[in-house]
Amino acid sequence: MTATADKAAVETVTLTIDGQEVTVPKGTLIIRAAEQIGVEIPRFCDHPALKPAGACRQCLVDVASPGPDGNLRAFPKPQASCTMAVTEGMVVNTQHTSEEADRAQKGVMELLLINHPLDCPVCDKGGECPLQNQAMSHGHSETRFVDVKRIFEKPLPLSSEILLDRERCVLCQRCTRFSKEIAGDAFIDLQNRGAMQQIGTFNENVLDFDGYTPAAPAAEDESGRAFSSYYSGNTVQICPVGALTSAAYRFRSRPFDLVSSPGISEHDSSGSAIRTDHRRGKILRRLADNDPVVNEDWITDKDRFAFSWQNLSDRLERPLVRKDGELVEASWPEAIAAAAAGLKAARDGKGVGVLPGGRVTLEDAYAYGKFARVALGTNDIDHRTRLASAEEQAFLGSTVAASGLGVTFADLEKAPSVLMVGFEPEDEGGVVFLRLRKSLGKQKVFTAAPFLSRGAEKLAASLLPVAPGGEAALLDGLDGDAVEALSAEGAVIIVGERLAATPGALTAAASLATRTGARLAWIPRRAGERGAVEAGTLPGLLPGGRAATDATARAGVAEAWGVDSLPSTEGRDAAAIIAAASAGDLDALVVGGVTASDVTGLADAVANAGFVVSLEVRRSDVAEQADVVLPVAPPSEKAGTFVNWEGRLRSFATAIATDALSDYRVLDILARELGADLHAGTIAEINGELAALGAAPAPQRPAVPAAKAPKAPKKGDVVLASWHQLIDEGALQDGEPYLAGTGRATVARVSKATAKAAGFSEGAITVTGATGESISVPAVITDMVDGVVWLPTKSPGSWVAQELGVAPGTVVTVKGGA
Amino acid sequence: MSDADETWEVNRARDGKDETFESNLPKKGPLGQAFAPVAGFGITLRNFFKPTVTEQYPRVKTPPMPRYHGRHQLNRYADGLEKCIGCELCAWACPADAIYVEADSNTPDNQVSPGERYGRVYQINYLRCIFCGLCIEACPTRALTMTNEYELAGPTREGLIYEKQDLLAPLEEGMLQAPHPMVPGTTDGDYYRGDVTEVVKEQLEWVRTNRPDEPTLPENAALAAEEAR
C-alpha cells in the first residue's frame, strides 16, 4: 500500500472542543484530540504509550453527542476523556468552558489528595510532580479533610532499586500497566479493595501468576525476589506522583538543581536516547528520552542506572608512565613521548597489535583504524574482543559495513515473523525486546537456542532447540513452519554476535535469508560494534566495507588519507593478536576499552607484551599492567556518534564539559609524535573523511563468507553455552549495588538427562574446562537440549572468560556438587 | 575637524562668556551674612547638650532588635534530632543563590532527623546572603531560623561559607547529639507537632551502645564540662 492510499484510507471525525472545531482520525481519544488544539486536560493515568485505563478520573469533561434523531444529547455526568473515543458531531466542554467539568475535576483532585501525605518537601518528585502541578492548577487551595490519613509503612522495596511509597500512590496503574503491557514482567499489581487498595508485589495467595510460576532460584533476582525486571526503572519515570522512586537517586537532588543534557546510551547497540541529569559536574540520574524511531519512551535499567562506573575512585585524571616498575603520574607531553618511543621501537621490531574494544564511538574507532594503518603500519587491529571468526569479518564486510539503514526497529515491529539465532532479545538486545513484544500475538517468533529463555518466553517464541555449534546445520536444514513463516513479506532473521563462534552459521543464515526472502539484521551487544565495522577496525576491513586485501580498495583509501600505501599483509584478528603478544611475536599492544577479565588470555598477553599503551577511563586490569596509560573521556564527557544496529547514526554532544580527551584526540596527538598526521583532531574532520570515503563498491568488498559447518560433538560430550545477562558484573555496571541487586541470580542450566549423566540432583554443579579450571554455581534443571550446560558469562560467581578460561561452544565436564 | 574638536570649540565659546553664578538658595539677611563663617559652630554647641548616640562597638556590643536578620541557625527537636530534612526549599527560595544543600536517606544506623530524609550537606555562603529571610519563610519544618548574630566578617572567602556544623543550634540541656533513633512509636509528624518533648531511655541506650564516649550522654556530662574548660 502506498503512502497516499494510506492517507486516503484514514477515516476522520469532526467534533467541537471548547467551541473549536477539530478533525481527527476515527478512534482518537478525546484527550488526544484536545491536545491537538492546545487544550490541556489534567490527567494521571493516561500515557500515550499505554492502553487507556480510566483509573484516576482526573480528566473528566462534559460530553454531548448526537443521538439517533440527530439532536445533541449530553451525557448525564462528566466522562473520562482518556477512555472515550471521539464521534462525529460530538461536543466536548473541558474545565475551561464547563463549570460542571471544572467542579468534577476539583472534586476528583480533592479525593486523590485525601490520603496523599503531602510530604512534597521530602519527596523525590517534588518540583517535577504532575500531582503537585495539577493540584496547583486544578485543585482547591484549601483542604476540607480533617481526619487521620491512611498510613502505610514506607518505603516498600519492590527490588533493591525500586522503592514504593504507597501513601503517595494515586492508583493510576501506570506502573502495573507498563509492567504487563510493555515489559511483560508483571511483578506488581493492584491488591485489596476500597480505601486499602494498594500496589504490591506479587503474593501467590492473593493473585495469580499470569501463567508464570517462579522456578526458584532461576527466576529470582540477586536479592532473592521473584519477578525481577530489566525495565523496572521506566515505572519510576512514568509514575505521576512520587510513589515509585529509585534507591540510586533517592533524596540526591531536586529538579531545579539539575542540568539536563540529551545523550545516547553507551550500554547496548540499540543507541537508546537518554537524558543525563547532572549537578555540579556529577551525574545524578539518567532518564529515557522519547525517540519514536528507536527506543520510544523506554530504556533498560542498565541504560538508566549504570553510570557511576565513570566516576569511581579509580578514574584516571592524568597520564601514567611506568618508571622503575611503578606507574606514576606524568604530564601529557611526557606520557605521549614515552608512548611514542615505545611504539616506534615496536613498530620497527616485531610490530604492534591494536585492540580498540567494542565500546568506542564511530569517530574513535576510525582514529584507531587509521592510527594502526598509518602510524603503526599494521593491519593487526580488531575491536572484536569476543568470539569472532574470519567468516564473520567477511560477513560484516560484505553485508553489514556501510550498508546504511537496514532493518529498523519499525521493521521489527511490523515483521510477520522473526527468527533469532545466537541472540537473546532481553539479555543482549535491551529495547529490541520491547519492540518485539509490542507485536506479541501478531508476530511469529522463532529462537534458535539451547533453551527457551525468559525473554524468548515472554515473546511467545517457538524454540528451535540447538546446542552451540549446531546452528549452521539447523539453519541449513530448516523447513516446515519456520521457513513458511519466514517466507512472508517483511520477515526478519536476527543474527547475534555469538553466531560468529559457529563456523558456517553466518553463511547458513545468509543463505536462509536468500532462500526465504527474509531480511537479515546483525545485532551485536556492545554500543560501538557497528560503528567499528563502519570505521574498519578489523584486520581485513578498511572504512566503508573495503577489503584490506583488495589493492584497488587500499589504493583508494591511501589516496584519501594522503599516504603512499597501506599495509597489505593480512592482519591478525583479536584472538591471534592476543596469542602473538603472549608468545612474544608482537612487541607492543595498544589497548582501548577492553577489560582483561572479559577476554581469555588478554591478561597474559598484556603481561608478556614488551610494551603496552592503554587508553582508559579507569585504572582497569589492563591499565594496571600497561607501560603508558593515557586517560580518555567517558561517554558523558565527550561528543561522538554511536552507530546502532540498524545502521542509524546516533550522535551525541558532550553532557559534562571537562578537560578529558576523547580517544580520537589522544590518538591524533600520539600519531604526530610518531611522525604521522591522522587529520583526526576534531569530529568534523573525521566525519568529513568518512563521508568522503563513502561505501565501497561491491568488487572492493570481501567475498561473501563460505565456511563449512563443524562436526557435531561426540555423544556424551557436554558443550558449554553462555551469554551475558543484561545485568551482570560488566565493567560498565561497577559501583551500582542497587542495580546489581536486580540482576537475575546466577544459575547453571542443564537438562534432566545431562544432570543425570553428571550425577546432579540438587544444589550446586561444577563445570570444568579443558584447562582444568572450574566454576561451581547452583544449578537448575531446565527443559533444554541434552549435552549442553549453560552458564551466564559474567554474573556473580560465574566469570566464564576468566575463571573457566574456555570459550562457549567448547566441550566441558560437568559434575554434581560444588 | 573631528566631532571632538567641534565639541571643544563650542565649550570654549560658552566658557568665554562672562556669566555670573546665581544661587537658587534663599538669600540671607545682613546679620545672617555676617555670622555665616561661624554658623557651623552653632551646630556643634547645640549637640554638646544632647544625649550621645555613639556606640562603643566592639568594646560594648549592643543587642539588636529581637527580629533582626542575623546569622542563620539550624534548629533541633527536644531530643536532639535535627529539624532539617534537606528538602532544599530554602535554596529554592534564595534570591542570591547563597544556600547549597545535599540530602540523603536516614538509615537505622544513622538517623539524623525524624523521617526518611536529612540534610547531609548544608552550606550558606555569607558573601552572597542578603539576609532577606525568604529561606526562613520557605522552611517547612522550621529548621532554619535567624539569630541576632551580626558579626559576619572574616579574613577569607572560604571561612564565610558556613557549613552545617557552623549553623547547627547548640545542644541544650537534656538534648542528645544526633544521630540516634527516633522516640519509639512516633512519626515525623509527632515531632513536627511538638509531641516529642524529651530524650527517652531507648535513645540513651542506643547511644550508649553505639557511641559510649558521646559527651552529651548524662554520665559523660561532667567529663565533657571539664574538657571544655
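Computed quantities for the displayed model
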read-out: Matching residues, the stretch A:129-154, being of a type in the set (Phe, Trp, Tyr) and either away from chain B (no Cβ under 14 Å) or over 16 Å from A:Gly242 (Cα atoms) (or both); value: A:Phe145
read-out: Per-region count, the stretch A:778-803, residues part of a strand (DSSP E or B) and either in contact (Cβ under 8 Å) with a residue 40 or more places away in the chain or crowded, with 21+ Cβ neighbours inside 10 Å (or both); value: 13
read-out: Candidate set: the stretch A:167-196, residues that are at pLDDT below 90 and of a type in the set (Asp, Glu); chosen: the one nearest to A:Leu459 (Cα to Cα); value: A:Asp185
read-out: Matching residues, the stretch A:529-570, being closer than 16 Å to A:Val400 by Cα and assigned to a helix (DSSP H, G or I); value: A:Glu529, A:Arg530, A:Gly531, A:Ala532, A:Val533, A:Glu534, A:Ala535, A:Pro543, A:Gly544, A:Gly545
read-out: Hits in the stretch B:89-114 (condition: within 13 Å of another protein chain (Cβ to nearest Cβ), surrounded by 20 or more Cβ atoms within 10 Å (Cβ to Cβ) and over 25 Å from B:Pro181 (Cβ atoms)); value: B:Leu89, B:Cys90, B:Ala91, B:Cys94, B:Ile99
read-out: Residues located in the stretch A:284-311, provided they are free of Cβ contacts under 8 Å to residues at least 24 places away in the same chain and not in a strand (DSSP E or B); value: A:Asn290, A:Pro292
read-out: Qualifying residue in the stretch A:644-663 (condition: in contact with a strand residue (DSSP E or B) (Cβ under 8 Å, 6 or more places away or on another chain), of a type in the set (Val, Ile, Thr), surrounded by 24 or more Cβ atoms within 10 Å (Cβ to Cβ) and in contact (Cβ under 8 Å) with a residue 24 or more places away in the chain); value: no
read-out: Helices (runs of 4 or more DSSP H) wholly inside the stretch B:173-229 that include at least 2 residues being more than 21 Å from B:Arg120 (Cβ to Cβ) and basic (Lys, Arg); value: B:201-210
read-out: Every pair of residues 6+ apart whose Cβ atoms lie under 6 Å, when the first sits in the stretch B:115-142 and is at the interface with chain A (Cβ under 9 Å from one of its Cβ atoms) while the second is of a type in the set (D, E, K, R) and surrounded by 14 or more Cβ atoms within 10 Å (Cβ to Cβ); value: B:Gly115/B:Asp188; B:Arg120/B:Glu102; B:Arg120/B:Asp104; B:Thr141/B:Lys83
read-out: Test: residue in the stretch A:250-258 that is away from chain B (no Cβ under 14 Å) and among the hydroxyl-bearing types (Ser, Thr, Tyr); value: no
read-out: Neighbours by Cβ (under 6 Å, 6+ apart or cross-chain): first from the stretch B:165-192, touching a residue at least 40 places away in the same chain (Cβ under 8 Å) and farther than 30 Å from B:Asn125 by Cα; second aromatic (Phe, Trp, Tyr) and crowded, with 16+ Cβ neighbours inside 10 Å; value: B:Pro181/B:Trp206
read-out: Wholly within the stretch A:334-418, helices (runs of 4 or more DSSP H) carrying at least 1 residues that are under 23 Å from A:Val622 (Cβ atoms); value: A:362-370
read-out: Candidates A:Gly281, A:Gly358 - the one that is more than 30 Å from A:Asp257 (Cβ to Cβ) and modelled with pLDDT under 95; value: A:Gly358
read-out: Checking A:Pro262 against (1) surrounded by 20 or more Cβ atoms within 10 Å (Cβ to Cβ); (2) away from every other protein chain (no Cβ under 14 Å); (3) at pLDDT 95 or above, the condition it does not meet; value: (1)
read-out: Which numbered condition A:Gly455 misses (of (1) on the phi > 0 side of the Ramachandran plot; (2) surrounded by 21 or more Cβ atoms within 10 Å (Cβ to Cβ); (3) without any contact (Cβ under 8 Å) to a residue 60 or more places away in the chain); value: (1)
read-out: Candidate set from the stretch A:475-489 (those that are among the charged types (D, E, K, R) and part of a loop (DSSP other than H, G, I, E, B)); member that is farthest from A:Pro416 (Cα to Cα); value: A:Asp479
read-out: Test: A:Ala607 is of a type in the set (A, V, I, L, M), touching a Leu at 6+ places or on another chain (Cβ under 9 Å), surrounded by fewer than 24 Cβ atoms within 10 Å (Cβ to Cβ) and assigned to a helix (DSSP H, G or I); value: no
read-out: Qualifying residue in the stretch B:200-220 (condition: away from chain A (no Cβ under 13 Å), acidic (Asp, Glu), in contact (Cβ under 8 Å) with a residue 24 or more places away in the chain and over 28 Å from A:Cys120 (Cα atoms)); value: yes
read-out: Residue among A:Ala671, A:Ala691, A:Ala684, A:Ala706 that alone is part of a loop (DSSP other than H, G, I, E, B) and of a type outside the set (Ser, Thr, Tyr); value: A:Ala706
read-out: Out of A:Ala55, A:Ala80, A:Ala49, sole residue that is touching a residue at least 60 places away in the same chain (Cβ under 8 Å), within 43 Å of the chain's Cα centre (by Cα), surrounded by 20 or more Cβ atoms within 10 Å (Cβ to Cβ) and outside the structural domain of A:Ala135 (by TED's automatic domain parsing); value: A:Ala55
read-out: Matching option when the condition is surrounded by fewer than 21 Cβ atoms within 10 Å (Cβ to Cβ), touching a residue at least 60 places away in the same chain (Cβ under 8 Å) and within 22 Å of the chain's Cα centre (by Cα), among A:Leu412, A:Leu440, A:Leu499; value: A:Leu440
read-out: Checklist (1) more than 9 Å from chain A (Cβ to nearest Cβ); (2) buried (at least 17 other Cβ atoms within 10 Å of the Cβ); (3) charged (D, E, K, R); (4) closer than 22 Å to A:Tyr249 by Cα applied to B:Glu82, failing item; value: (4)
read-out: Among the candidates A:Ser246, A:Ser272, residue that is buried (at least 20 other Cβ atoms within 10 Å of the Cβ) and within 14 Å of chain B (Cβ to nearest Cβ); value: A:Ser246
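Okay, residues lined up against (1) more than 23 Å from the chain's Cα centre (by Cα); (2) among the β-branched types (Val, Ile, Thr); (3) not assigned by TED's automatic domain parsing to the domain that holds A:Pro425:
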residue	(1), (2), (3)
A:Leu520	no, no, no
A:Glu534	no, no, yes
A:Thr537	no, yes, yes
A:Leu541	yes, no, yes
A:Thr549	yes, yes, yes
A:Ala553	yes, no, yes
A:Ala558	yes, no, yes
A:Trp561	yes, no, yes
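The values are calculated or read from the model by the stated rules, or taken from the named source; none is laboratory data. From a predicted model like this one, the values you see are computed outputs, not experimental measurements. All Cβ positions, even for glycine, are placed from backbone atoms using ideal geometry, and neighbour counts span all protein chains on display.
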